[in-house]
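Only one structure is covered here, and it is reproduced in the block below.
The values are calculated or read from the model by the stated rules, or taken from the named source; none is laboratory data. Model, not experiment: these values are computed from the prediction. Here the Cβ positions follow ideal geometry from the backbone for every residue, glycine too, while neighbour counts run over all protein chains shown.
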Amino acid sequence: MDKALQFSYHDRDYTLEFTRDSVRTMERQGFNANELMVKPMTMLPDLFAGAFIAHHPYTKRKLIDEIFEHIGNKQELIGKLVEMYNEPLATLMEDKEGDEGNVGWTATF
Amino acid sequence: MDGNVLSEEQEPSEPISLSEIFEDACPYYMSIGMTPEQYWCGEPALAVWYRESFRIKKERRNWEMWLQGMYIYDAICDASPILRPFVKKGTRPIPYPSEPYDLGLTKSPEEKREKQNSEDKKVMDEARMRMENLMVSMANKLKGKGGNTNG
């Protein structure tokens, strides 16, 4: 159930994850998830950097940006980061899938 | 206006701050046993497990309360013979069960069989003793009668 990203960079292992505390810290530092669609080039590195707060809070921003630059498959990475960022909120929501009266939906993409 | 999904009169809503949502929900999670450390810095999925654990606890408590109600109901029913007005002299309440209901949790099948055997043996011993007493008393009566006729 734990949603995290793991990778190695220059022989060091990294685990990226969002906790409620790291999301709060990011918001205090001015991060606004609503701006992801408006300013993706600015906000995506910030989102990536925010994922370091939980397990690697003392990593320098310069190094984080360097890792972001070298990381492959960015398209999928962005999707995963957004999913991970949503996790602390999603786990607070009651699972009401089985409830009567809910509107069902399907995706065509 | 019909067909106008986005009303012009509505003001644009404020963006929702996740921090506020987390802070609002925090006391609830503290109340079901999560520590602040677990809530803020732990794995987010912990909240789901704590909620599920709380649901199980609530259900168990509900069953316990129901069981207590059953004991009270049974106790009243057992005592009811003496609670009636104009009850006959010598009426006694049904004794309260000597042990709790068997919920099938505490005893293994062997223990249950052993208990049943010992209860059966107790009943048999009691019946045998009664029979012996009856036979002794009948023998005494016969002896007495025989004595009278002879004497």
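Numbers at a glance
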read-out	value
Output for the stretch B:102-117, where each listed residue is surrounded by fewer than 10 Cβ atoms within 10 Å (Cβ to Cβ) and not in a loop (DSSP other than H, G, I, E, B)	B:P109, B:E110
Set B:K145, B:K112: member being on the phi < 0 side of the Ramachandran plot, outside the structural domain of B:I21 (by TED's automatic domain parsing) and under 20 Å from the mean Cα position of the chain (by Cα)	B:K112
Flag if A:F48 is more than 12 Å from chain B (Cβ to nearest Cβ), among the hydrophobic types (A, V, I, L, M, F, W, C) and farther than 28 Å from B:E37 by Cα	no
Given (1) within 12 Å of A:M84 (Cβ to Cβ); (2) β-branched (V, I, T); (3) out of contact with any His (no Cβ under 8 Å at 6 or more places or on another chain), index of the condition A:T15 fails	(3)
Flag for A:E76 being exposed (fewer than 15 other Cβ atoms within 10 Å of the Cβ), assigned to a helix (DSSP H, G or I) and within 13 Å of chain B (Cβ to nearest Cβ)	no
Cross-chain or 6+ apart pairs with Cβ under 7 Å, the stretch A:1-17 first and within 14 Å of chain B (Cβ to nearest Cβ), then exposed (fewer than 11 other Cβ atoms within 10 Å of the Cβ) and assigned to a strand (DSSP E or B)	A:T15/A:Q6
Subset of the stretch A:48-66 that is of a type outside the set (F, W, Y) and assigned to a helix (DSSP H, G or I) - its residue that is surrounded by the fewest Cβ atoms within 10 Å (Cβ to Cβ)	A:K62
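For (1) over 29 Å from B:R51 (Cα atoms); (2) modelled with pLDDT of 90 or more, each residue gets a yes or a no:
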{"residue": "A:L44", "(1), (2)": "yes, yes"}
{"residue": "A:L63", "(1), (2)": "yes, yes"}
{"residue": "A:K74", "(1), (2)": "yes, no"}
{"residue": "A:K96", "(1), (2)": "no, no"}
{"residue": "A:D99", "(1), (2)": "no, no"}
{"residue": "A:W105", "(1), (2)": "no, no"}
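Residues checked against (1) of a type in the set (A, V, I, L, M, F, W, C); (2) surrounded by 10 or more Cβ atoms within 10 Å (Cβ to Cβ); (3) within 30 Å of B:D24 (Cα to Cα):
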residue: B:W40; (1), (2), (3): yes, yes, yes
residue: B:Y50; (1), (2), (3): no, yes, yes
residue: B:R61; (1), (2), (3): no, yes, yes
residue: B:L67; (1), (2), (3): yes, yes, no
